[in-house]
Amino acid sequence: MKKNFIIFAVLMIAALIIPVAFLFSEKKSRAELMNNADVNALLIELQNDWDNVEEGKISSDFGFDFVVLDSNEKAIAKTRSDLPDDIGRATSERYTIRDVIKGGEVLGKVMIKNDYGTISEDAYSSARKMYGIGIAVESVLIISFLVYIYVFIVHPFEKMKKFATDVSSGNLDAPLEMDRGNVFGSFTESFDLMRSELNDARQKEFEAQRSKAELVARLSHDIKTPVASIRAMGEVLEAKSKETDQKEKLHSIVSKADQIDVLVSDLFSTTLMDLDNLQVDCSEQNSSVIRDIIKDADHKEAVRSADIESCLIICDAVRTTQVINNIINNSYKYAGTEIFVTSFCEEDCLTVAITDRGGGVSEDDLPVITKKFRRGKNSKDKQGAGLGLAIASELMEKMGGSLECSNADGGFRVKLMFHLA
């Protein structure tokens with residue numbers, strides 16, 4: 001690459017120097033031609049034909065003007081009548097003056113007119129031609145150099161830029177074409193190996209995360225069975241116990257078992273969501289199913305009204321049960337107040353609003369309350385993982401509906417939107 005740059009630089013410098021060198025050589029060669037060949041030929045002619053010259057007869061076919069002086073420096077012959085007669089004027093007009101010598105005797109002098117204007121014009125014309133050629137050559141070199149830069153530097157850089165953009169956006173499947181002929185050729189193979197290594201690492205990480213999620217799902221499922229057994233035995237013992245203190249402890253065991261069951265269920269559901277295995281089987285249902293689900297979920301009998309519009313909706317009864325259970329359990333845990341349920345049909349949706357009177361959540365928490373592992377500021381002293389509303393929102397979307405949260409009527413409100421059949 002460095003060698004190519006040097007070659008291009010030398011060629012461009014040469015394209016500028018050659019016309020200048022030609023100008024000087026042309027000017028020098030013309031001057032030498034006037035001072036040597038033509039002048040010598042004239043002197044020889046004058047020596048051989050001096051008698052005729054003295055009579056004013058001279059040859060004028062040399063291509064330039066001159067004046068011949070005798071030994072007394074008197075003009076005896078001219079090629080033109082307007083030429084100077086004396087050496088002083090000729091010298092001031094830059095005439096070339098030579099002695100005419102024959103047999104060692106100075107016969108006279110010849111004063112030759114130097115046509116600097118014609119010589120300069122010819123030299124300038126030649127120089128212009130050479131400059132034109134030089135500029136053309138240099139233009140070709142510059143264009144070739146620019147093409148070279150684009151092909152071997154700019155275009156490969158653009159490909160590398162696109163490659164870097166693909167990698168940064170997570171697209172690690174598109175390979176980087178390798179070309180050792182460009183300036184980045186030695187890097188392309190390394191970059192593509194880096195991409196391949198990153199892709200392999202990402203695949204391994206994905207597999208590890210999936211394996212971990214599958215392990216959590218299996219453990220969550222397996223934990224539910226012993227927890228259910230503990231709860232069942234606690235209820236039996238609580239029913240049989242006659243001592244108040246013992247009954248309270250057994251009731252606490254049953255309550256904790258319920259809490260563990262809810263947490264494990266949430267963990268199991270969110271793991272299935274991560275694995276994209278959370279299945280939903282929707283069908284047409286009478287809206288009264290929602291009233292029944294609310295009644296079953298409200299084991300503390302905190303719901304004061306459950307006015308559900310009569311209509312046909314699209315939902316999964318099992319998943320809807322999970323959604324409403326999470327919402328009511330959150331009200332039990334964080335509000336501990338009465339719960340009011342209202343509904344209305346609008347366009348193609350049945351909206352069910354579940355509202356408590358617990359003061360709601362902060363405005364900062366509202367936008368993120370349905371995100372996984374995000375809990376409101378009022379939940380610091382309450383047990384939970386921040387999964388209930390996230391799972392409920394995901395399930396509603398999978399059923400083709402939606403879930404919205406807001407503060408209303410002095411508490412926290414959750415709106416469930418079901419599509420009408």
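The values are calculated or read from the model by the stated rules, or taken from the named source; none is laboratory data. Keep in mind that this is a model prediction, so the values were computed, not measured. Using ideal geometry, Cβ is built from the backbone for each residue, glycine included, and neighbour counts are taken over all protein chains shown.
What to note about this one:
- Scanning the range 170-219 for residues that are at pLDDT 65 or above, aliphatic (A, V, I, L, M) and over 30 Å from SER265 (Cα atoms) gives LEU172, ALA174, LEU176, LEU193, MET194, LEU198, ALA201.
- Given (1) of a type outside the set (Lys, Arg); (2) at pLDDT 85 or above; (3) surrounded by 12 or more Cβ atoms within 10 Å (Cβ to Cβ), index of the condition GLY88 fails: (3)
- Candidate set from the range 351-371 (those that are part of a strand (DSSP E or B) and touching a helix residue (DSSP H, G or I) at 6+ places or on another chain (Cβ under 8 Å)); member that is surrounded by the most Cβ atoms within 10 Å (Cβ to Cβ): VAL352
- Pairs are defined by a Cβ separation below 9 Å, a sequence spacing of at least 6 or placement on different chains, a first member in the range 315-326 that is over 13 Å from LEU403 (Cα atoms) and in a helix (DSSP H, G or I), and a second member that is of a type in the set (Gly, Ala, Ser) and at pLDDT below 85; the pairs so defined are GLN322/SER265; GLN322/SER269; ASN325/SER265; ASN325/GLY388.
- Test: LYS300 is in contact with a strand residue (DSSP E or B) (Cβ under 8 Å, 6 or more places away or on another chain) and surrounded by fewer than 14 Cβ atoms within 10 Å (Cβ to Cβ): no
- Any hit, the range 223-240, residues being assigned by TED's automatic domain parsing to the domain that holds ASP258, surrounded by 12 or more Cβ atoms within 10 Å (Cβ to Cβ), closer than 30 Å to LEU267 by Cα and modelled with pLDDT under 75: yes
- Restricting the range 327-350 to residues that are in contact with a Phe, Trp or Tyr (Cβ under 8 Å, 6 or more places away or on another chain) and in a strand (DSSP E or B), the residue that is surrounded by the most Cβ atoms within 10 Å (Cβ to Cβ) is LEU350.
- Among the residues of the range 35-62, the one identified as crowded, with 17+ Cβ neighbours inside 10 Å and at pLDDT below 75 is ILE58.
- Boolean, ILE308 is out of contact with any Ser or Thr (no Cβ under 6 Å at 6 or more places or on another chain) and among the aliphatic types (A, V, I, L, M): no
- For the range 388-419, a residue qualifies if it is more than 37 Å from the chain's Cα centre (by Cα), at pLDDT below 90 and surrounded by 22 or more Cβ atoms within 10 Å (Cβ to Cβ), and the qualifying residues are GLY388, LEU389, ALA392, LEU395.
- Remark: pairs (first residue in the range 290-309, over 14 Å from LEU350 (Cα atoms); second residue in a loop (DSSP other than H, G, I, E, B) and not acidic (Asp, Glu); Cβ separation under 9 Å; 6+ apart in sequence or on different chains) = ILE294/ILE308; ALA302/GLY336; ALA302/THR337.
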